[in-house]
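Peer 1: Below is a structure I'd like to ask you about.
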Amino acid sequence: MFLSTYPKMTSNCCAALCLGALIAFSMLPVGAQAGPIHLTDYAGGLANQEFGGSVCGLGDVNGNGMNDILIGAPGESNTGAAFLWFGSPNVTHSPAESWYGVADEKFGFSVAAIGDVNDDGDPDFAIGAPLSNAQAATSGRVCIFYGGSSLSSTPDLIIYGQNSGDQFGFSISAAGDFDGDGKDDFIVGAPYSNASALNAGAAYVIYGANGDPSTDLADATVLLGEIAEDHFGWSVCDAGNFLGGNEKSVAVGAPLSNTHGGTDAGAVYVFEGAVSPSNPDATSDHILSVGGTAPDSRYGWAVRNAGRWDSDSYDDLAVGAPTHNSPGTDAGRIEITFGDPSPATTGDRYVTGGSSGDQLGYSLDNMGDFTGNGDDDLIIGAPFLVDDGTDAGRAYYYEGGTSGSGSVSVLDVIAVQPLVPGNNANNKFGFAVAGLGDFDGDGSPDYAVAAPGGQIATETPAGYCLLEASDGQTVAAFGYLAESQWTADGHVNLLLSLPLAPQEILSLEIIRLPATTIHTGSADGLVLAGNYSDAMVRYQLLDEGPFESGDSASQVSYQATIHLVDGGIIHLSDPDQWQALQLSQRPGVSLLMARPAWPNPANPRTALEFSVARGEYYHLTIRDLRGCLVRRLEKGEGTGTWTTATWDGLNDGGQALPSGLYFFDLRSDDSLQVRKVMLAR
């Protein structure tokens, strides 16, 4: 059985771009904080994409001095996807990198920073696809990507689950230097493994190496669940020096364990590593269980290293029990157990959910010293809280060093902030949470809260992720969304979304370059009904031309200048941000062109030269004779120039495809070009 990305748990259940549009989204620094930064899929999102089903801070993967963020979307097109943004004070709407899985594998169900596992000096990361059938039915796989100034478009390493039904990759985490050889290791959960008993579960500690870690799980240290249906490996984490020694430890959650507090009470097992030349063993060194006898708590659903939460020299552990039934059914509970050479077996601090169904503790992460008091803080999700609407969700942070335990009153609230106002219900805000470290370069830690059921700007329930800065405000940036599109009668419809209400704008000037004023004056009459997001107001203007009489015979472009009531001036004039419309894109003009594939037949490499009208959003894929998608090659916005894409005869999973007839499939919202290629090995 597989738990889909965001069904609500109960105590009895384990649980487009517009046609022809050119869209640019830029974050330009200004003096004051602007509206919330919501990350979504740049392609416009798909219903049930589950963007934000997983999220993690990566550290500084590309070496620019700021930490990065990785977001999973396991519902993407029945394959799954993951999107990466590099840290920056000027966040772009489009991700820096994106990766896609293959059919039915839930690629992006888990994402994790795993340390420097190939020992090259750059931090690496992993993406899990627990339903992968590549090795056996739902055996699962984990895709490893090595950090550096340039990231690979395909995994640098793939590790496959061993047996049918294991769901290897359900959970992933760094493991520190578990074997004491000076190299970073990582741990992968397979909670449906039958290795010791039916669905008892397993976790694999995989060792870093100078080069590639071994893909053979026979070289891993295998940790096993105690009894049938424990689902050991549901959650995994680096436990640091939780047990007080020089060795690094890992913790593994078994939320359906029946042996430590009642039926489905759950448990967390801690395993201490070794200092070289000794080798780690697979025997647990400490077991944590929920405070008191608490059946149906599912303690261990989430487990995270809480850092030095109590400010001593030992790492602490935070554990979520989201179906704990006090003070109400499925209210949830989190516990923090302090690291020590002889730690307690239950939490030293605890907090229970506010109301039935909140499921506090569904997600957890270490925020670093977010509050600036010298102790690490904890971010906590309660994605099914109903105060803002059915399953709207909420998140909290628990300030490090706090002496209080008990109700949610000891926590600080991070309220749900929907991307589309009035659509709080079913957001599941807090389904995944992440401490990011310093994402925006201000020297202080930031965080993210994901809402995989949330509606995005197109009012599609695709999911979004909110970034928040260390001062409790949203990341310091000014965001605008500039859209331009041809209408059916040859006019240009302009949309400008700003984090500014009309009363804040003294005048708004829009110019068609080089020097034709389209609008100047008040912004009042340009406001569309409804907002783009909480703090984004949409303004619309129709430019009726004529266009051919302009300075340029080939394109139409715009710039805007905003004069603020407080005296500020904002120029939206960067041509890379408000892109040009091509006259060739007017209705009836072909947007896509492709030459024959060459060489053809391919053995196995071939190439396609193609051209996409500037600003037209396109996808280039390989399909088989039945029309099934086998490889995603490129997607993005056209430049109007000829470019070349190559195909190496592999599918999205990196496997060699058999000889036969295939097709380059180049398409936009309203155009399609297909070119045959014969693969002859």
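The values are calculated or read from the model by the stated rules, or taken from the named source; none is laboratory data. Bear in mind the structure is a predicted one, so any value in this text is a computation, not a measurement. FYI the Cβ positions are ideal-geometry reconstructions off the backbone, even for glycines, and counts take in every protein chain you see. In case anyone asks, the SASA skips ligands and DNA or RNA and just uses the protein heavy atoms, side chains included. Shrake-Rupley method; radii C 1.70, N 1.55, O 1.52, S 1.80 Å.
Peer 1: For residue 132, are the conditions met, namely being surrounded by 24 or more Cβ atoms within 10 Å (Cβ to Cβ), polar (S, T, N, Q) and part of a loop (DSSP other than H, G, I, E, B)? Quick ask: steps written out before the conclusion?
Peer 2: On the way: surrounded by 24 or more Cβ atoms within 10 Å (Cβ to Cβ): yes; polar (S, T, N, Q): yes; part of a loop (DSSP other than H, G, I, E, B): yes.
Answer is yes for this residue.
Peer 1: Go through (1) touching a helix residue (DSSP H, G or I) at 6+ places or on another chain (Cβ under 8 Å); (2) open to solvent by less than 30 Å² (accessible area, probe 1.4 Å) and name the single condition residue 176 misses.
Peer 2: Here residue 176 clears every test but (1).
Peer 1: State yes or no: is residue 152 open to solvent by 20 Å² or more (accessible area, probe 1.4 Å) and of a type in the set (Ser, Thr, Tyr)?
Peer 2: Values: open to solvent by 20 Å² or more (accessible area, probe 1.4 Å): yes; of a type in the set (Ser, Thr, Tyr): yes.
The answer is yes for residue 152.
Peer 1: Further, regarding this structure: Here is a list: 636, 653. Which entry is open to solvent by less than 60 Å² (accessible area, probe 1.4 Å), out of contact with any helix residue (DSSP H, G or I) (no Cβ under 6 Å at 6 or more places or on another chain) and assigned to a loop (DSSP other than H, G, I, E, B)? Before you say what the answer is, go through the steps one by one.
Peer 2: On the way: 636 fails: assigned to a loop (DSSP other than H, G, I, E, B).
The match here is 653.
Peer 1: What pairs can you find where one residue is in the range 424-451 and more than 13 Å from residue 464 (Cβ to Cβ), the other is aromatic (Phe, Trp, Tyr) and open to solvent by less than 30 Å² (accessible area, probe 1.4 Å), and their Cβ atoms are less than 6 Å apart, with a gap of 6+ or different chains?
Peer 2: What qualifies is 435/447; 436/447; 445/370; 446/439.
Peer 1: So, in the range 57-72, how many residues would count as being more than 11 Å from residue 465 (Cα to Cα), of a type in the set (A, V, I, L, M, F, W, C) and crowded, with 24+ Cβ neighbours inside 10 Å? Step through it out loud before you land on a result.
Peer 2: Pass one, the range 57-72, residues more than 11 Å from residue 465 (Cα to Cα): 57-68.
Pick out the ones that are also of a type in the set (A, V, I, L, M, F, W, C) and you get 58, 61, 66.
With the extra rule that they be crowded, with 24+ Cβ neighbours inside 10 Å, the set shrinks to 58, 61.
Final tally of qualifying residues: 2.
Peer 1: From the list 54, 11, 77, which residue is closer than 30 Å to residue 231 by Cα and at pLDDT 95 or above? Full working, then the answer.
Peer 2: On the way: 11 fails: at pLDDT 95 or above; 77 fails: at pLDDT 95 or above.
Just a single option satisfies the conditions, and that option is 54.
Peer 1: Please work out if residue 368 is over 24 Å from the mean Cα position of the chain (by Cα) and either surrounded by 23 or more Cβ atoms within 10 Å (Cβ to Cβ) or on the phi > 0 side of the Ramachandran plot (or both). First the steps, then the outcome.
Peer 2: On the way: over 24 Å from the mean Cα position of the chain (by Cα): no; either surrounded by 23 or more Cβ atoms within 10 Å (Cβ to Cβ) or on the phi > 0 side of the Ramachandran plot (or both): yes.
So residue 368 does not fit the description; no.
Peer 1: Scan the range 49-78 residue by residue and report those that are under 17 Å from residue 104 (Cβ atoms), in contact with a Ser or Thr (Cβ under 9 Å, 6 or more places away or on another chain) and not in a strand (DSSP E or B). Walk me through it before giving the result.
Peer 2: Looking only at the range 49-78, we keep the residues that are under 17 Å from residue 104 (Cβ atoms), and these are 49-50, 53, 72-78.
With in contact with a Ser or Thr (Cβ under 9 Å, 6 or more places away or on another chain) added as a condition, the list becomes 49-50, 53, 72-75.
Within the range 49-78, 49, 50, 53, 74, 75 qualify.
Peer 1: Against the definition (farther than 26 Å from residue 400 by Cα and modelled with pLDDT of 95 or more), how does residue 253 come out, yes or no?
Peer 2: On the way: farther than 26 Å from residue 400 by Cα: no; modelled with pLDDT of 95 or more: yes.
Judged against the criteria, residue 253 is not a match.
Peer 1: Then there's this: For the range 98-123, which residues satisfy the criterion of being in a strand (DSSP E or B) and more than 20 Å from residue 173 (Cβ to Cβ)? Lay out the reasoning, then the answer.
Peer 2: First pass over the range 98-123, keeping only residues in a strand (DSSP E or B): 98-100, 107, 110-115.
Listed by number, the residues that qualify are 98, 100.
Peer 1: Can you confirm whether residue 111 is within 25 Å of residue 205 (Cβ to Cβ) and β-branched (Val, Ile, Thr)? Walk me through it before giving the result.
Peer 2: Numbers: within 25 Å of residue 205 (Cβ to Cβ): yes; β-branched (Val, Ile, Thr): yes.
Considered against the rule, which asks whether it is within 25 Å of residue 205 (Cβ to Cβ) and β-branched (Val, Ile, Thr), residue 111 comes out as yes.
Peer 1: If you take the residues of the range 635-654 that are at pLDDT 85 or above and of a type in the set (Ser, Thr, Tyr), which of them is farthest from residue 681 (Cα to Cα)? I'd like the intermediate steps shown before the answer.
Peer 2: Going residue by residue through the range 635-654, those that are at pLDDT 85 or above are 635-637, 643-654.
Next, from what is left, pick out any that are of a type in the set (Ser, Thr, Tyr): 643-644, 646.
Numbers: 643: 26, 644: 22, 646: 16 Å.
Among residues in the range 635-654 that are at pLDDT 85 or above and of a type in the set (Ser, Thr, Tyr), the one farthest from residue 681 (Cα to Cα) is 643.
Peer 1: Going by the conditions given, is residue 549 modelled with pLDDT under 80, more than 26 Å from residue 417 (Cβ to Cβ) and open to solvent by 30 Å² or more (accessible area, probe 1.4 Å)?
Peer 2: On the way: modelled with pLDDT under 80: yes; more than 26 Å from residue 417 (Cβ to Cβ): yes; open to solvent by 30 Å² or more (accessible area, probe 1.4 Å): yes.
Criteria met by residue 549.
Peer 1: Next up: Scan the range 261-288 for residues that are among the hydroxyl-bearing types (Ser, Thr, Tyr) and either at pLDDT 95 or above or touching a helix residue (DSSP H, G or I) at 6+ places or on another chain (Cβ under 8 Å) (or both) and jot them down. Let's see the steps before the verdict.
Peer 2: Taking the range 261-288 and keeping what is among the hydroxyl-bearing types (Ser, Thr, Tyr), we get 263, 269, 276, 278, 283-284.
Residues satisfying the conditions are 269, 283, 284.
Peer 1: Here's another thing I want to ask about it. Please go through the range 395-433 and give me each residue that is outside any loop (DSSP other than H, G, I, E, B), open to solvent by 30 Å² or more (accessible area, probe 1.4 Å) and hydrophobic (A, V, I, L, M, F, W, C), ordered by number. Talk me through it step by step, then tell me what you get.
Peer 2: Keep residues of the range 395-433 that are outside any loop (DSSP other than H, G, I, E, B), which gives 395-398, 406, 408-410, 412-414, 429, 432-433.
Those left that are additionally open to solvent by 30 Å² or more (accessible area, probe 1.4 Å): 397, 408-410, 412-413.
Scanning the range 395-433 gives 408, 410, 413.
Peer 1: Can you find a residue in the range 669-677 that is in a loop (DSSP other than H, G, I, E, B), in contact with a strand residue (DSSP E or B) (Cβ under 6 Å, 6 or more places away or on another chain) and not basic (Lys, Arg)? Let's see the steps before the verdict.
Peer 2: Taking the range 669-677 as the starting set, the residues that turn out to be in a loop (DSSP other than H, G, I, E, B) are 669-671.
Cutting the leftovers down to in contact with a strand residue (DSSP E or B) (Cβ under 6 Å, 6 or more places away or on another chain) gives us 671.
Imposing the further condition that a residue be not basic (Lys, Arg) reduces the set to 671.
Yes, some residue in the range 669-677 is in a loop (DSSP other than H, G, I, E, B), in contact with a strand residue (DSSP E or B) (Cβ under 6 Å, 6 or more places away or on another chain) and not basic (Lys, Arg).
Peer 1: So is residue 86 open to solvent by 10 Å² or more (accessible area, probe 1.4 Å) and modelled with pLDDT of 95 or more or not?
Peer 2: Numbers: open to solvent by 10 Å² or more (accessible area, probe 1.4 Å): yes; modelled with pLDDT of 95 or more: no.
Considered against the rule, which asks whether it is open to solvent by 10 Å² or more (accessible area, probe 1.4 Å) and modelled with pLDDT of 95 or more, residue 86 comes out as no.
One line per residue, one yes/no per condition, for (1) within 27 Å of residue 546 (Cα to Cα); (2) modelled with pLDDT under 80; (3) in contact with a Leu (Cβ under 8 Å, 6 or more places away or on another chain); (4) open to solvent by 10 Å² or more (accessible area, probe 1.4 Å):
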{"site": "446", "(1), (2), (3), (4)": "no, no, yes, no"}
{"site": "449", "(1), (2), (3), (4)": "no, no, yes, no"}
{"site": "459", "(1), (2), (3), (4)": "no, yes, no, yes"}
{"site": "464", "(1), (2), (3), (4)": "no, no, yes, no"}
{"site": "469", "(1), (2), (3), (4)": "no, yes, no, no"}
{"site": "486", "(1), (2), (3), (4)": "yes, no, yes, yes"}
{"site": "495", "(1), (2), (3), (4)": "yes, no, yes, yes"}
{"site": "504", "(1), (2), (3), (4)": "no, yes, yes, yes"}
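Peer 1: Further question: Between 228, 203, 218, which is at pLDDT 95 or above, among the aliphatic types (A, V, I, L, M) and crowded, with 18+ Cβ neighbours inside 10 Å? Outline the logic, then answer.
Peer 2: Details: 228 fails: crowded, with 18+ Cβ neighbours inside 10 Å; 218 fails: crowded, with 18+ Cβ neighbours inside 10 Å.
Going through 228, 203, 218 in turn, the sole match is 203.
Peer 1: Can you work out which of the residues in the range 91-119 that are at pLDDT 95 or above and out of contact with any Ser or Thr (no Cβ under 9 Å at 6 or more places or on another chain) is surrounded by the most Cβ atoms within 10 Å (Cβ to Cβ)?
Peer 2: Looking at residues that are at pLDDT 95 or above and out of contact with any Ser or Thr (no Cβ under 9 Å at 6 or more places or on another chain), I get 117.
Peer 1: Considering only the range 308-354, state which residues are small (Gly, Ala, Ser), buried (at least 24 other Cβ atoms within 10 Å of the Cβ) and under 28 Å from the mean Cα position of the chain (by Cα).
Peer 2: Within the range 308-354, 318, 320, 321, 331, 332, 353 meet the criteria.
Peer 1: Give the range 606-629 a look and list any residue that's among the hydrophobic types (A, V, I, L, M, F, W, C), open to solvent by less than 20 Å² (accessible area, probe 1.4 Å) and in a strand (DSSP E or B), or say none. Show your work before the answer.
Peer 2: To start, the set of residues in the range 606-629 that are among the hydrophobic types (A, V, I, L, M, F, W, C) comprises 607-608, 610, 612-613, 620, 622, 625, 628-629.
If we keep only those that are open to solvent by less than 20 Å² (accessible area, probe 1.4 Å) too, we end up with 608, 610, 612-613, 620, 622.
Within the range 606-629, 608, 610, 612, 620, 622 meet the criteria.
Peer 1: Restricting to the range 238-263, count the residues that are open to solvent by 10 Å² or more (accessible area, probe 1.4 Å) and out of contact with any His (no Cβ under 7 Å at 6 or more places or on another chain).
Peer 2: The first filter runs over the range 238-263 and keeps only residues open to solvent by 10 Å² or more (accessible area, probe 1.4 Å), leaving 238, 241, 243-248, 256, 258-263.
In the following step, the residues that additionally are out of contact with any His (no Cβ under 7 Å at 6 or more places or on another chain) were identified as 238, 241, 244-248, 258-263.
Looking only at that region, the number is 13.
Peer 1: Which of the strands (runs of 3 or more DSSP E) found entirely inside the range 333-384 contain at least 1 residues meeting this: at pLDDT below 95 and under 24 Å from residue 56 (Cα atoms)? Break it down into steps so the answer makes sense when it comes.
Peer 2: Values: elements: 333-337, 349-352, 363-368, 377-382.
So the answer is 363-368.
Peer 1: Quick check on the range 577-620: of everything there that is under 17 Å from residue 512 (Cβ atoms) and charged (D, E, K, R), which residue is modelled with the lowest pLDDT? Quick ask: steps written out before the conclusion?
Peer 2: Going through the range 577-620, the residues under 17 Å from residue 512 (Cβ atoms) turn out to be 577-583, 585-586, 614-615.
When the remaining residues are screened for being charged (D, E, K, R), the result is 586, 614.
Details: 586: 59, 614: 71.
By that ranking, first place goes to 586.
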